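The values are calculated or read from the model by the stated rules, or taken from the named source; none is laboratory data. Source: prediction; values computed, not measured. Cβ: placed from backbone, ideal geometry, glycine included. Neighbour counts: every protein chain shown. Keep in mind that these areas ignore ligands, DNA and RNA; they rest on the heavy atoms of the full protein, side chains included. Shrake-Rupley method; radii C 1.70, N 1.55, O 1.52, S 1.80 Å.
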Amino acid sequence: LSLHDALPILLSGSDYGARTLRDRNLSVDELHCLARKINDAGLSSAARNFILLALATCARSGELIRLKRDDVNLTDRTLLLRDTKNGTNHLVALSSFAAEIIRSQLHQSQPSDFVFPSRDGTTHIDIKTFGKQISDRQTSSGQRQLRGRTTRSDALALSGGKWTAHDLRRTASTLMVKHCGVTEEVANRCLNHFPKDPMVRVYICATLGEPMQSAWYSLGELLGSIFAPTQTTPST
């Protein structure tokens with residue numbers, strides 16, 4: 001299965017937005033590069049944890065940012081995404097890689113109902129915060145730097161061009177199919193995509209639980225081999 005063949009299946013048009021269709025994926029080589037760069041990019045520890053968790057779960061950015069502590073079960077190694085784009089709750093199996101990221105984030109963040117809290121802890125962090133941190137570190141040296149923003153304008157630049165937080169979701173699902181031996185059907189379910197036919201939907205929910213768990217675990221093993229040093233390096 002080629003990357004070109006996998007992309008139209010793994011994400012529907014609604015995931016890209018109505019105006020611009022994106023097909024940006026981070027290759028395995030780029031992920032290795034990101035692993036070398038991420039600790040020296042001047043990111044907040046929360047932003048770094050967000051990037052890694054987005055890769056490990058295939059979750060949408062907004063759904064991760066709104067995640068509450070009560071919806072994380074580290075004993076069972078699951079997290080529950082509520083109020084998702086398709087209107088259903090989505091249970092994600094946490095690989096060892098993903099669970100360690102969650103533990104790190106919960107330990108480092110202030111007491112709050114949210115995994116990624118705002119500064120005062122009363123709500124979640126602004127939905128655009130991590131996206132801005134990622135974008136600001138991929139600014140061409142020829143462009144004017146915005147006042148008050150980071151001077152590390154190429155700290156997260158990768159060979160394949162500019163990438164966004166949403167591209168991490170597309171990258172994760174493609175890694176599953178291309179490198180982890182996961183079927184397209186299972187990868188789509190890990191993305192919380194399913195057919196509109198309610199009978200088919202019930203069948204899929206009843207039969208793909210274990211394959212989905214295996215898919216997330218396999219993805220976590222791959223990401224762990226790439227980012228293992230990153231997980232244990234303290235943020236500055």
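In the range 27-69, which residues are without any contact (Cβ under 8 Å) to a residue 12 or more places away in the chain and in contact with a Leu (Cβ under 6 Å, 6 or more places away or on another chain)? So that I can check it myself, show each step before the final result.
The first filter runs over the range 27-69 and keeps only residues without any contact (Cβ under 8 Å) to a residue 12 or more places away in the chain, leaving 36.
None; the set is empty.
Give the residues of the range 101-124 that are hydrophobic (A, V, I, L, M, F, W, C) and either under 24 Å from A157 (Cα atoms) or open to solvent by 80 Å² or more (accessible area, probe 1.4 Å) (or both), sorted by residue number. Steps first, answer last, please.
So the first thing to find is which residues in the range 101-124 are hydrophobic (A, V, I, L, M, F, W, C), and the list is 101-102, 106, 114-116.
The answer is I101, and nothing else.
How many of the residues in the range 28-60 are part of a helix (DSSP H, G or I), among the hydroxyl-bearing types (S, T, Y) and surrounded by fewer than 20 Cβ atoms within 10 Å (Cβ to Cβ)?
Count: 1.
Just the residues that are at pLDDT below 95 and of a type in the set (S, T, N, Q), please, taken from the range 89-103. Step through it out loud before you land on a result.
The first filter runs over the range 89-103 and keeps only residues at pLDDT below 95, leaving 89-91.
N89, the sole residue that qualifies.
Out of the range 70-79, which residues are within 19 Å of F97 (Cβ to Cβ) and touching a residue at least 24 places away in the same chain (Cβ under 8 Å)?
V72, L74
Can you say whether E184 is open to solvent by 60 Å² or more (accessible area, probe 1.4 Å), touching a helix residue (DSSP H, G or I) at 6+ places or on another chain (Cβ under 7 Å) and at pLDDT 90 or above, as far as the supplied structure shows?
On the way: open to solvent by 60 Å² or more (accessible area, probe 1.4 Å): yes; touching a helix residue (DSSP H, G or I) at 6+ places or on another chain (Cβ under 7 Å): yes; at pLDDT 90 or above: yes.
So E184 passes the test.
Of all residues in the range 98-125, which are of a type in the set (A, V, I, L, M, F, W, C) and closer than 22 Å to E221 by Cα?
To start, the set of residues in the range 98-125 that are of a type in the set (A, V, I, L, M, F, W, C) comprises 98-99, 101-102, 106, 114-116, 125.
Within the range 98-125, A98, A99, I101, I102, L106 qualify.
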